[in-house]
Amino acid sequence: MGIEEKVPSEILLTTVEKLVNWTRKASFWPATFGLACCAIEMMSTGAARYDLGRFGMEVFRASPRQADLMIVAGRVSQKMAPVLRQIYDQMPEPKWVLSMGVCASSGGMFNNYAIVQGVDHIVPVDMYLPGCPPRPEMLIDAILKLHEKIMAEPLGDRRRIAAEEQLAREGAPAVPPGSMPSSYRFDKERRAQWIEAAQQGREEQLRIENWAADRETEQTRGSWSGGAR
């Protein structure tokens, strides 16, 4: 026997945290942003057959200021990277990023100077979706897993208290799992830079600085190769 049996049937008992997280995941508006062939699968996911409207996501917003989710659908070129970052910065908090397909996640088959080798060099990623290209069912599954992550997120002081309890229980890792860009993990110099930046709280600055340096190096190399020909 609980208090639910003493209140009228029209009343629903819950917590502010669950209600806020439910509203966030039930009105999960993606930005209108597609880069390559994965965007065709993303469009079909929003069409009649798969109908993202079942999950409150049929509204692909033209303005990033009205969007909660960035689906990076396709390869990210060096020229597109600053645009992608600008759109991400214009999205209001809280916001999430879904890396759709192997090209967005790691560069895929495009292992060359023109393509960013993983969008996590430019923006933090909440969910990686493999495939080339992933089918609409796979995208829906990734979005539902992101819904589960949102529903488990604490709010306000509860977020701080949960982080402090985890820190006391497990200790703080030098780099939180999943936060290090994929190409940093196997480069000893870059990995050491990331660990130092994580301790100083400047991961985003390091990510952008190294991306800009890599881009300048590749442009110089391309100019030299062009002159040699």
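The values are calculated or read from the model by the stated rules, or taken from the named source; none is laboratory data. The structure presented is a predicted model; accordingly, all values stated were derived computationally and were not measured. Positions of Cβ are backbone-derived with ideal geometry, glycine not excepted, and every protein chain shown enters the neighbour counts. Accessible surface areas use protein heavy atoms only, side chains included; no ligands, DNA or RNA. Shrake-Rupley method; radii C 1.70, N 1.55, O 1.52, S 1.80 Å.
In table form, for the structure just shown:
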item: Number of positions in segment 186-204 that are in a helix (DSSP H, G or I) and either in contact with a Cys (Cβ under 8 Å, 6 or more places away or on another chain) or surrounded by 11 or more Cβ atoms within 10 Å (Cβ to Cβ) (or both); result: 12
item: Where residue 120 falls short, out of the listed (1) open to solvent by 10 Å² or more (accessible area, probe 1.4 Å); (2) closer than 24 Å to residue 202 by Cα; (3) not in a loop (DSSP other than H, G, I, E, B); result: (1)
item: Residue ID - modelled with the lowest pLDDT, chosen from residues in segment 22-58 that are acidic (Asp, Glu) and in a loop (DSSP other than H, G, I, E, B); result: 58
item: Residue among 98, 84, 19 that alone is under 25 Å from residue 140 (Cβ atoms) and in a strand (DSSP E or B); result: 98
item: Residues of segment 209-222 satisfying the condition of being within 23 Å of the chain's Cα centre (by Cα) and either under 17 Å from residue 111 (Cβ atoms) or open to solvent by 70 Å² or more (accessible area, probe 1.4 Å) (or both); result: 209, 211, 214, 215
item: Cross-chain or 6+ apart pairs with Cβ under 6 Å, segment 15-28 first and among the charged types (D, E, K, R), then modelled with pLDDT under 80; result: 17/155
item: Near pairs, Cβ below 8 angstrom, 6+ apart or cross-chain, from segment 64-83 (free of Cβ contacts under 8 Å to residues at least 60 places away in the same chain and crowded, with 20+ Cβ neighbours inside 10 Å) to any residue that is assigned to a helix (DSSP H, G or I) and among the aromatic types (Phe, Trp, Tyr); result: 70/88
